[in-house]
Structure formats: structure tokens, C-alpha cells
Amino acid sequence: MSIYFIRAGLQTSIQDCGRPGLMHYGIPQGGAADLLSMKLANLLLGNILNNPVLEITLTGPLIKFDCDVSIAITGAQFKVLLNNNPIESYKVIQIKSGDILEFSHLMSGARAYIGLSATISAPQILNSVSTHLISGFGGHKNGAIKQGERVHLENTRIAKEAHLEREFIPNYRLRPLIRVVHGSESQRFTQSALDNFFSTTFQVSAQSNRMGIRLSPSIMSDSERLKDISGEMVSSGLYPGSIQIPNNGEPIISFIEGQTIGGYPRLAHVIRADLHRLGQLKAQDKINFQLVTQTQARKILQVKNKFLGKLLNTMKSETRETFTL
């Protein structure tokens with residue numbers, strides 16, 4: 001039982017929820033760039049929420065199935081064809097052996113997810129099968145899937161028909177407003193730099209990847225300097241969502257495969273409830289930031305998790321898990 005990649009796409013990889021809790025060993029969390037979309041695909045199929053999926057980035061694959069299985073596609077909006085007929089995202093699609101699935105042009109977002117009513121066969125490394133693309137370990141042969149390769153499946157089954165109601169489907173067409181809290185070194189910045197950060201519409205650089213999302217323009221004029229810094233800063237911990245400001249003043253958001261420590265001052269940190277939106281950013285996208293308090297950030301997360309709990313009940317899933325970000 002397998003799926004054959006006639007065309008692999010730009011960067012198609014096996015991902016799950018990653019390897020949380022290992023950053024003190026220098027191992028970033030990794031996993032799906034958009035955890036919400038990954039979990040939604042598994043929820044539709046009645047899987048455990050951490051069941052490995054295929055993550056598709058910017059340009060998608062052409063796949064031939066060698067078994068009967070059910071799939072659900074979530075995340076970025078592609079034009080997707082099954083045997084040359086268009087199919088919808090956010091619903092269970094029944095696949096027959098010999099069927100061909102094609103991802104055509106990208107319409108919004110950056111990463112789509114194919115959930116399968118099966119287990120993807122891949123070795124577990126540190127309790128995860130996710131592919132760490134920057135370091136080259138995990139997943140399928142330690143990297144992105146290549147043209148002509150075959151990914152094997154285990155425990156295939158046919159899932160019940162299901163779809164998500166429109167109110168639960170994320171909208172990745174709008175310019176995102178990413179909410180942040182103050183970073184550990186925000187007091188080192190001039191008021192002018194802080195004002196610029198929260199009033200500027202930033203553009204995502206083509207140099208962005210799973211390690212870091214680079215933005216422009218700079219928030220500081222040539223004459224500005226960070227306050228109270230003599231010499232280099234002592235390196236300190238980073239986490240996905242940490243926003244560092246290097247010497248050129250152009251923000252870098254630490255992403256899911258980012259380094260675990262860094263030496264640039266952290267102006268802000270993306271709140272947990274908005275981290276999944278970072279996974280849908282691509283080059284030339286524009287974003288803005290909004291400052292919230294720690295109390296507000298916790299409240300936003302509680303409201304969002306309550307909403308996802310409502311979705312879990314709506315789907316009448318047999319899983320005993322709690323759907324949280």
C-alpha cells in the first residue's frame with residue numbers, strides 16, 4: 001500500500017506535531033508549519049490529531065495512489081484535481097487504487113496538508129516522524145520527497161464522509177494581523193523604532209524558510225541605535241514566534257526549525273494563538289503586527305481553543321483528545 005509521486009512539488013514532506021520539549025538540547029520543535037491545518041485534516045478523517053500528514057509548499061505534487069484510502073486536504077487553497085475533476089478542500093475524499101491526485105495553481109496561503117486515513121510508514125526519531133528539512137533528518141529518507149519516490153502506508157481504512165462548515169475554515173486570503181506581546185529586550189529600542197514596528201506594513205522576503213521569516217523594511221533610521229547595549233548581546237533562548245531585530249533593523253521571526261538561541265534583541269513574540277498563521281506566509285505577502293498584553297494573549301488562546309472544542313463536538317469525533325493550539 002503506497003502513494004507514488006509522479007511529480008513531487010517544490011517541498012513536499014512528512015510532518016506531525018514535531019518534537020516539543022527538546023529545545024534545551026538544541027533541537028527545535030519542527031513539525032507542521034501550520035499545526036491548525038494539520039490537525040483539521042486529521043479531525044476530518046477521525047485520526048488522532050498527531051497522525052503524520054503530507055505538507056505541501058507553494059507548488060504541489062502529482063500523486064498516484066496504489067490503494068483505497070480516504071484523504072482530506074486543508075490549509076492553503078490550491079486548485080486540486082482528482083482524475084482531472086476538481087475536488088474541494090476541508091472534506092473527506094474517497095480514493096480508489098489507481099486514482100491520480102494533482103495540485104494545480106496556488107490561490108492563497110503557502111502550505112497545504114494531505115491527511116490520510118492511514119499511517120505513513122516512516123522511522124520515529126525522538127518520538128516523531130516529522131522531517132527536519134534544514135538539518136536533514138526524519139520523514140522520508142531524511143528530506144523532502146522527490147519525483148519518482150514512493151511513500152508506503154500502513155493500516156489503511158475508509159473514513160466516514162465529513163466536511164467542515166464554513167465558520168471553521170481558516171481564511172488565508174486576507175492580509176494577516178499578527179498579534180504579539182513585548183519581547184524580552186523591547187526596552188532596549190527607541191520609542192521611534194517601537195512605533196515604526198507597530199505602524200509599518202511589512203513584506204515577507206524571498207529569503208524566508210522554515211528556520212526564519214525575514215521581513216522588510218527596517219524599523220530604524222541609519223542614525224538610530226539600540227539603547228543600553230555595549231558590545232554584543234549574550235545569546236539567549238528563542239522559540240517559534242520570537243521576533244529579533246538585527247543590526248539592519250529588518251525583523252526576523254524565528255520559525256519552527258529556527259535556532260534555539262540567538263544574539264539579537266527580541267522586540268516582540270507572536271502569541272500562541274496566531275503561530276499557525278506564520279505557516280501560511282510566502283514571499284511578497286504583507287503583514288502587520290498588533291500589540292496585546294499577556295492577559296489578552298491568554299484570553300485569545302482560551303477563546304480559540306473553546307472554538308476548536310466546539311468543532312470537535314460538532315464533528316462527533318471518537319477521539320478523546322482535546323483540540324488545542
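Each value in this text was obtained by applying a stated rule to the coordinates, not by laboratory testing. Since the model is a prediction, treat every value here as computed from it, not as a measurement. We place every Cβ from the backbone using ideal geometry, glycine too, and count neighbours over all the protein chains shown.
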Requiring at least 2 residues that are over 15 Å from Glu102 (Cα atoms) and touching a Ser or Thr at 6+ places or on another chain (Cβ under 9 Å), the strands (runs of 3 or more DSSP E) wholly within region 1-84 are 13-15, 69-82
If we keep only residues of region 85-113 that are part of a strand (DSSP E or B) and among the charged types (D, E, K, R), then the residue farthest from Ala8 (Cα to Cα) is Lys91
Per the list (1) closer than 25 Å to Gln147 by Cβ; (2) touching a His at 6+ places or on another chain (Cβ under 6 Å), residue check on Leu35 breaks on (1)
Of those in region 154-199 that are acidic (Asp, Glu) and in contact (Cβ under 8 Å) with a residue 60 or more places away in the chain, the residue farthest from Ser89 (Cα to Cα) is Glu185
Those residues of region 138-191 that are closer than 21 Å to Glu250 by Cβ and part of a helix (DSSP H, G or I) come to a total of 4
Note on region 265-291: residues assigned to a loop (DSSP other than H, G, I, E, B), under 16 Å from Val180 (Cβ atoms) and out of contact with any Lys or Arg (no Cβ under 7 Å at 6 or more places or on another chain) are Leu281
Ile71 passes all but one of the listed conditions (1) surrounded by fewer than 23 Cβ atoms within 10 Å (Cβ to Cβ); (2) over 18 Å from the mean Cα position of the chain (by Cα); (3) without any contact (Cβ under 8 Å) to a residue 60 or more places away in the chain; the exception is number (1)
Across (1) within 15 Å of Gln11 (Cα to Cα); (2) outside any loop (DSSP other than H, G, I, E, B); (3) among the hydrophobic types (A, V, I, L, M, F, W, C), Ile134 clears everything bar (2)
